[in-house]
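The values are calculated or read from the model by the stated rules, or taken from the named source; none is laboratory data. Note that this is a predicted model, so its numbers are computed, not measured. Positions of Cβ are backbone-derived with ideal geometry, glycine not excepted, and every protein chain shown enters the neighbour counts. Remember, those area values only see protein heavy atoms, side chains included, never the ligands or the DNA or RNA. Shrake-Rupley method; radii C 1.70, N 1.55, O 1.52, S 1.80 Å.
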Amino acid sequence: MEHRLTALETRLDTVLPTLATKADIASIESKIVKWVAGIGIATVTVIISVLSFLFSRIDHEPPPQQPPIIINIPGQLSGAASVSGGAEAHLAPKRRE
């Protein structure tokens, strides 16, 4: 029994110095928090940069308006004269008095 206890103590004496202490764990924890915060800030910065580049490429000007299409029928008056005495005057029903 004493031989087994001595072997176990020897193992513990060799393993205990290699285990992490509370200070080691706290140091590693603070480094991990810094890395995660840095990666989060970098990710947000890249996303904002890409989105601002894409939105700057969008045209904010409306497309130019096409001029109205004017169809001229040969043999008829154009403009205001056609409305008052043109084809529309012949299409209007005649009044009986």
Quick one: Asp24 ticks every box in (1) more than 46 Å from the chain's Cα centre (by Cα); (2) among the acidic types (Asp, Glu); (3) open to solvent by less than 100 Å² (accessible area, probe 1.4 Å) except a single one, so which number is it? (1)
Note: among Glu97, Glu61, Glu29, Glu88, just one is modelled with pLDDT of 90 or more, open to solvent by 100 Å² or more (accessible area, probe 1.4 Å) and of a type in the set (Asp, Glu), namely Glu29
All but one of (1) within 27 Å of the chain's Cα centre (by Cα); (2) outside any helix (DSSP H, G or I) hold for Val36; state the number of the condition that does not hold. (2)
Cβ-Cβ under 8 Å pairs, at least 6 apart or on other chains, the range 30-58 side among the hydroxyl-bearing types (Ser, Thr, Tyr), far side open to solvent by 80 Å² or more (accessible area, probe 1.4 Å): none
